[in-house]
Amino acid sequence: MDSIDTAASFAAAAGDAAGQATDRGQAAFADVNGRAKAAMEKTGQVVEELGSFGKGNMEALVESSKIAAKGLETLGQEAAEFTRRSFESATAAMKTLAATRSPTEFMKLQGGYARSMFDTMIAETSKSAETMLKLAGDVAQPISNRVAIAADKIKVAS
């Protein structure tokens with residue numbers, strides 16, 4: 001009976017070893033499966049964040065474009081108004097100059113008109129430059145905000 005007992009104990013030991021190997025294999029598979037699931041969830045979150053970030057960037061560009069369009073419209077209206085005022089002023093000056101009686105009076109009026117137009121042009125140019133600088137800052141603000149958010153995300157990711 002010695003060989004039967006040995007065969008039986010060998011079979012039992014083999015069964016135990018097979019069971020342990022199966023258990024270890026299942027545990028390893030469960031571990032790999034859990035890690036893969038966690039990696040997929042993390043990848044999904046990253047993709048979702050990238051989509052949200054991209055959407056935010058597009059919204060910032062749209063907002064910036066709206067600000068630029070409104071600002072350019074305002075600048076165009078101001079330029080048209082300045083042109084209208086300049087034309088009216090030039091027309092009035094021509095009428096006044098045409099009504100002069102002497103060359104001295106003509107030169108005096110023409111010099112005054114030239115000074116007035118020069119001062120007006122300097123003031124209008126300064127006003128336009130300030131408006132353009134403000135508009136450039138306003139247009140850049142939404143994009144600047146998105147850059148700040150991106151920098152914060154990069155800091156967090158590092």
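The values are calculated or read from the model by the stated rules, or taken from the named source; none is laboratory data. Everything numeric in this text was worked out from a predicted model, so none of it was measured. Don't worry about glycine lacking a Cβ; one is built from the backbone with ideal geometry, like all the others, and counts go over all protein chains shown. Keep in mind that these areas ignore ligands, DNA and RNA; they rest on the heavy atoms of the full protein, side chains included. Shrake-Rupley method; radii C 1.70, N 1.55, O 1.52, S 1.80 Å.
Brief remarks on what is shown
- Close contacts from segment 76-89, counting a first residue that is more than 16 Å from SER126 (Cα to Cα) and a second that is hydroxyl-bearing (Ser, Thr, Tyr), with Cβ to Cβ under 9 Å and a gap of 6+ residues or different chains, come to ARG85/THR120; SER86/THR120; SER89/TYR113; SER89/SER116; SER89/THR120.
- Among residues of segment 134-156 that are closer than 12 Å to GLU63 by Cβ, those with a beta-carbon under 9 Å from a residue that is open to solvent by 60 Å² or more (accessible area, probe 1.4 Å) and not acidic (Asp, Glu) at least six positions away or on a different chain give the pairs VAL139/SER65; PRO142/LEU61; PRO142/VAL62; ILE143/LEU61; ARG146/LEU61.
- Residue, nearest to MET117 (Cα to Cα), within segment 30-89, restricted to residues that are polar (S, T, N, Q) and surrounded by fewer than 13 Cβ atoms within 10 Å (Cβ to Cβ): THR83
- Segment 42-54 residues that are touching a residue at least 24 places away in the same chain (Cβ under 8 Å), paired with ones that are open to solvent by less than 80 Å² (accessible area, probe 1.4 Å) (beta carbon under 9 Å, 6 or more apart): PHE53/ARG146; PHE53/ILE149; PHE53/ALA150
- Test: residue in segment 16-24 that is surrounded by 10 or more Cβ atoms within 10 Å (Cβ to Cβ), among the hydrophobic types (A, V, I, L, M, F, W, C), modelled with pLDDT of 80 or more and part of a helix (DSSP H, G or I): no
Rundown of residues vs (1) of a type in the set (Gly, Ala, Ser); (2) closer than 30 Å to GLN141 by Cα, yes/no style:
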residue: ALA30; (1), (2): yes, no
residue: ARG35; (1), (2): no, no
residue: THR43; (1), (2): no, no
residue: VAL47; (1), (2): no, yes
residue: GLU59; (1), (2): no, yes
residue: SER89; (1), (2): yes, no
residue: PRO103; (1), (2): no, no
residue: GLN110; (1), (2): no, no
residue: ASP119; (1), (2): no, no
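- Residue that is nearest to ASP138 (Cα to Cα) [pool: residues in segment 92-101 that are open to solvent by less than 50 Å² (accessible area, probe 1.4 Å) and part of a helix (DSSP H, G or I)]: ALA93
- Positions within segment 126-143 being small (Gly, Ala, Ser) and either within 19 Å of GLY51 (Cα to Cα) or loosely packed, with under 12 Cβ neighbours inside 10 Å (or both), in sequence order: SER126, ALA129, GLY137
- Against the numbered list (1) open to solvent by less than 90 Å² (accessible area, probe 1.4 Å); (2) within 30 Å of GLY76 (Cβ to Cβ), ASP119 comes up short only at (1).
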